[in-house]
Amino acid sequence: MAKITFIGLGNMGAPMASNLLKAGHDVTVFDLSQPAVEALVAEGASTADSGKAAAEGAECIITMLPAGKHVEAVYLGEDGLLSALPEGTLVIDSSTIAPETARAVAEAAAARRLAFIDAPVSGGVGGAKAGTLTFICGGEEDTFNRAKPVLEGMGKNIFHAGPHGAGQVAKICNNMMLAILMAGTSEALALGAKNGLDPAVLSEIMKQSSGGNWALNVYNPWPGVMEGVPASREYQGGFLVNLMTKDLGLAFDNAVKNQASIPMGSLARNLFQLHAGQGNGELDFSSILRLYKAD
Ligand code: NAD
């Protein structure tokens with residue numbers, strides 16, 4: 001059992017913190033949203049008035065925040081968390097952010113003799129609730145080994161991708177692939193439906209054929225085809241279009257910096273940006289189907 005402080009209790013962070021409580025850890029939580037904090041307190045977590053106060057006495061800090069600017073605000077600067085933590089504290093950031101931001105936080109943490117890893121996740125809200133997330137870690141081997149038992153309380157597959165920032169690079173590649181798959185799956189289902197095919201039947205056929213993929217298997221974008229996924233609850237909850245657009249922006253920026261060509265990723269970015277611009281930013285990303293199919 002460890003004394004853990006968890007900051008960022010959104011769609012992902014709340015069920016992750018809940019699983020740490022179930023695993024028997026002593027968990028203190030903080031979020032800017034009071035209802036999010038209260039829900040975890042009702043499950044047995046402690047809380048405090050600020051992130052800094054919540055971190056007092058913690059052996060391990062975990063953050064699950066929307067984007068790089070939130071991670072920088074929480075950790076860096078004179079008033080940041082890093083300046084308040086005692087030497088040796090384990091610091092895990094599971095947000096999806098730019099590799100450079102993760103490296104900047106790692107550097108600031110090392111200067112304070114803190115043990116930092118970037119540990120973004122894959123598996124969605126379903127995986128967070130079930131405790132089956134994949135963690136993709138970047139950092140030193142020792143820190144990874146220290147973090148692993150904690151991460152095992154929230155996930156099933158724990159990978160060490162390489163040095164600081166490597167977890168974020170792998171995560172960005174994965175999400176670019178996911179966006180392409182979700183847009184392609186939506187396009188194929190909409191074409192089939194235009195031809196009078198039942199999207200549920202077409203989904204089954206493609207699952208067993210060479211077009212099979214994660215979106216078809218566990219996250220079908222067509223309303224009513226699969227129970228328990230965002231498409232079957234008006235695309236509420238899940239992984240927001242705004243967050244997918246952010247991740248595709250990270251992939252695009254990274255490709256520019258590394259002089260890599262990402263034609264499919266760039267197209268996916270434009271599709272999701274267009275969709276977000278039409279007022280869909282707060283819907284789950286599988287709502288990209290609506291670009292192809294008018295309700
Ligand atoms: P979310 O927007 O639902 O939750 C973020 C939470 O952080 C909110 O509750 C917000 O109030 C809180 N927050 C923001 N700034 C804060 C601060 N300064 N101090 C304390 N709390 C603060 O986002 P999410 O869907 O939980 O995603 C979190 C991260 O995980 C993102 O980087 C996202 O890209 C990534 N991710 C999400 C999914 C998914 O399926 N939702 C899957 C994999 C990875």
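The values are calculated or read from the model by the stated rules, or taken from the named source; none is laboratory data. Here the structure is a predicted model, which is why all the values come from computation and not from measurement. In this analysis, Cβ positions are derived from the backbone assuming ideal geometry, glycine residues included, and neighbour counts consider all displayed protein chains.
Side notes on the structure shown:
- Residues that are free of Cβ contacts under 8 Å to residues at least 12 places away in the same chain and in a loop (DSSP other than H, G, I, E, B), drawn from region 235-268: Asn258, Gln259, Ala260, Ser261
- Among the residues of region 110-159, those identified as assigned to a helix (DSSP H, G or I), closer than 18 Å to Ala2 by Cβ and not aromatic (Phe, Trp, Tyr) are Asp142, Thr143, Asn145, Arg146, Ala147, Lys148, Pro149, Val150, Leu151.
- The residues in region 162-177 that are away from the ligand (no atom under 12 Å from the Cβ) and within 14 Å of Cys137 (Cβ to Cβ) can be counted, and the count is 7.
- Ala36 meets each of the listed conditions (1) closer than 24 Å to Gly127 by Cα; (2) buried (at least 22 other Cβ atoms within 10 Å of the Cβ) apart from (2).
- Here Gly237, Gly249 are screened, and the one residue that is within 15 Å of the ligand (Cβ to nearest atom), modelled with pLDDT under 95 and within 17 Å of the chain's Cα centre (by Cα) is Gly237.
- Looking across region 46-60, just one residue is under 22 Å from the mean Cα position of the chain (by Cα) and closer than 18 Å to Asn19 by Cα, and that is Cys60.
- Selected residue (only one of Gln208, Gln273 is within 16 Å of the ligand (Cβ to nearest atom), free of Cβ contacts under 8 Å to residues at least 40 places away in the same chain and out of contact with any Leu (no Cβ under 6 Å at 6 or more places or on another chain)): Gln273
- Just one residue in the set Met226, Met154, Met177, Met206 is assigned by TED's automatic domain parsing to the domain that holds Val125 and modelled with pLDDT of 95 or more; that residue is Met154.
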